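J.: Would you mind keeping the following structure in view while I ask a few things?
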Amino acid sequence: MVTVAAPDTWVYALRLPHDPRAARVARMTVRAALNGHGMREVLDVVELLTSELVTNAYQYAKGPASLRLAGLGGGRVRVGVWDANPYVPAPFDEPPGGRPRPAPVDAVNGRGLLLVRAWADLWGGDALGRGAGKLLWFEVGGSGAGQAKSA
């Protein structure tokens, strides 16, 4: 009899239509994948931060988005969300370690990406050039610490 162990590293990719339900679909996908890989300890944070990135893509890009969820080994997870808008929003456009400006108290939006910076171990945003859009990403879990802007 052969025992098969789940791999320590893995990747899931999901194309999301420009639809207000995309964040919910992304959350459900993240929950299923992380539960399936026994990564319940990071599930709530990854689910919340993924929802914030997908919501940002829906609000500021006109077309579809793509979600990439990767298990990096050692209990680390990386989530990337691509969309066609090349603009890298604040606070992802600021240097690592800087203090992002808080959203005004009466603002109805502007806090989601601040949550990503606050809860992720690593984060970044890159304009991909030549009309290819941008990628916002974060990592959590394992022994990561600090924040970085490079992929």
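J.: Going residue by residue through the range 78-85, is there one that turns out to be charged (D, E, K, R) and surrounded by 20 or more Cβ atoms within 10 Å (Cβ to Cβ)?
T.: Checked against the condition, which is being charged (D, E, K, R) and surrounded by 20 or more Cβ atoms within 10 Å (Cβ to Cβ), the range 78-85 yields at least one hit.
J.: From 26, 32, which residue is touching a residue at least 24 places away in the same chain (Cβ under 8 Å) and open to solvent by less than 90 Å² (accessible area, probe 1.4 Å)?
T.: 26
J.: Within the range 99-113, is even one residue modelled with pLDDT of 90 or more and either in a helix (DSSP H, G or I) or open to solvent by 50 Å² or more (accessible area, probe 1.4 Å) (or both)?
T.: Checking the range 99-113: not a single residue is modelled with pLDDT of 90 or more and either in a helix (DSSP H, G or I) or open to solvent by 50 Å² or more (accessible area, probe 1.4 Å) (or both).
J.: Take the residues in the range 7-19 that are assigned to a loop (DSSP other than H, G, I, E, B) and at pLDDT 95 or above, then tell me which one is least open to solvent (accessible area, probe 1.4 Å).
T.: 19
J.: To continue, here is another question. Is it true that residue 118 is assigned to a loop (DSSP other than H, G, I, E, B), at pLDDT below 95 and over 25 Å from residue 36 (Cβ atoms)?
T.: Here the answer is no, as residue 118 does not meet what is asked.
J.: Return the pair list, or none, for Cβ contacts closer than 6 Å from residues in the range 56-73 that are hydrophobic (A, V, I, L, M, F, W, C) to residues that are open to solvent by 20 Å² or more (accessible area, probe 1.4 Å), at least 6 apart or on different chains.
T.: Correct list of pairs: 61/84; 61/85; 67/14; 69/12; 70/11; 70/78; 72/78.
J.: Taking the stated definitions as given, is residue 89 surrounded by fewer than 20 Cβ atoms within 10 Å (Cβ to Cβ) and either at pLDDT 90 or above or more than 21 Å from residue 26 (Cβ to Cβ) (or both)?
T.: no
J.: Additional query: Search the range 62-71 for residues being farther than 13 Å from residue 27 by Cβ and at pLDDT 95 or above, and hand back the single one that is surrounded by the most Cβ atoms within 10 Å (Cβ to Cβ).
T.: Looking at residues that are farther than 13 Å from residue 27 by Cβ and at pLDDT 95 or above, I get 65.
J.: Still on this structure: Restricting to the range 74-89, name every residue that is in contact (Cβ under 8 Å) with a residue 60 or more places away in the chain and assigned to a loop (DSSP other than H, G, I, E, B).
T.: Hits for the range 74-89 are 74, 75.
J.: Still on this structure: In the range 37-51, which residues are surrounded by fewer than 22 Cβ atoms within 10 Å (Cβ to Cβ) and assigned to a helix (DSSP H, G or I)?
T.: Across the range 37-51, the qualifying residues are 40, 41, 42, 43, 44, 45, 47, 48, 51.
The values are calculated or read from the model by the stated rules, or taken from the named source; none is laboratory data. Owing to the predicted nature of the structure, the values given are computational and were not obtained by experimental measurement. So basically every Cβ, Gly included, is an ideal-geometry build from the backbone, and we count neighbours across all protein chains shown. Ligands, DNA and RNA are excluded from the accessible area calculation, which covers all protein heavy atoms including side chains. Shrake-Rupley method; radii C 1.70, N 1.55, O 1.52, S 1.80 Å.
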